[in-house]
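The values are calculated or read from the model by the stated rules, or taken from the named source; none is laboratory data. Keep in mind that what you see is a predicted model, and the values were worked out from it rather than measured. Here the Cβ is made from the backbone with ideal geometry for all residues, glycine too, and neighbour counts use every protein chain on show.
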């Protein structure tokens, strides 16, 4: 979103020769300076991430159990089908998609994160980070997106922006920049439901942006990873909570979420025959069954 400023070079007028020939004095030639056009900086227009202009009319029988659901084409942004797509709902750990998107932009894989003293006090679920320990950022990203550690999310937020609340403001700023009008964050993890909400539409749009990041794509498609750790832990194993990676052919992401108030939430991506779909289900008691039906419909739709 850079603004280019074009500066024209100043050219002075060349004085005419003073001599005369037999035909008399030469006419004076005035060379006008070039016109300088300055392109002024204008606010960037948010990308139109999703469009439902070609959504398919369809009634699932039996109906999906999710309070809200959507399936979109990740490549084009076309909404294939949606139900209550703009209803604002609690999204639990789907919040971590935004946390990952921002922290990946600011932290390199081998940046060393010193765990702040506030991190071990974050509410469950935690992987057990200890205050003062130094951990490479890539390990925290894997734990946050696979195991869904709330302490990992807070540690990354503080490392990226210096403190939790500066990072949360950046999350909401990015939501506005992306045009996510149904979204508001109150923590990097989503562990707090109060005032932390989004919609199926916004999570799908956010996921579409996040999947453009190669590091994000690599992490969220990982089913299991063994990680070396300092003593006295020595090693950890992170298992991806997203069971679609094991049960649905072509599944390659993205994130699960749950709190008592949000219910089960899922953002899942899958690729078949070169086409990637993103499905989002919020407050979905049978989220894996619904996600399978939703993706199957999406791939079969023209």
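For the range 135-163, which residues satisfy the criterion of being free of Cβ contacts under 8 Å to residues at least 60 places away in the same chain, surrounded by 15 or more Cβ atoms within 10 Å (Cβ to Cβ) and in a loop (DSSP other than H, G, I, E, B)? Result: 149, single match. For the range 96-110, the tally of residues that are touching a residue at least 40 places away in the same chain (Cβ under 8 Å) and closer than 21 Å to residue 231 by Cβ stands at 0. The conditions of being out of contact with any strand residue (DSSP E or B) (no Cβ under 9 Å at 6 or more places or on another chain) and surrounded by fewer than 24 Cβ atoms within 10 Å (Cβ to Cβ) are not met by residue 132.
Taking the range 111-124 as the range and being without any contact (Cβ under 8 Å) to a residue 40 or more places away in the chain and either under 23 Å from residue 92 (Cβ atoms) or in a loop (DSSP other than H, G, I, E, B) (or both) as the test, the residues that pass are 117, 119, 120, 121. The listed residues are 253, 263, 298, and the only one of them that is over 19 Å from the mean Cα position of the chain (by Cα) and within 20 Å of residue 77 (Cα to Cα) turns out to be 298.
Of the residues 231, 270, 249, the single one that is touching a strand residue (DSSP E or B) at 6+ places or on another chain (Cβ under 6 Å) and either within 18 Å of residue 148 (Cα to Cα) or free of Cβ contacts under 8 Å to residues at least 40 places away in the same chain (or both) is 270.
When 101, 129, 94 are checked against the criterion of being in a loop (DSSP other than H, G, I, E, B), at pLDDT 95 or above and under 25 Å from residue 193 (Cβ atoms), a single residue qualifies: 129.
None of 264, 290 is over 15 Å from residue 90 (Cβ atoms) and touching a strand residue (DSSP E or B) at 6+ places or on another chain (Cβ under 6 Å) except 290.
Tell me, yes or no, whether the range 121-138 has at least one residue that is at positive phi and more than 23 Å from the chain's Cα centre (by Cα). Checked against the condition, which is being at positive phi and more than 23 Å from the chain's Cα centre (by Cα), the range 121-138 yields at least one hit.
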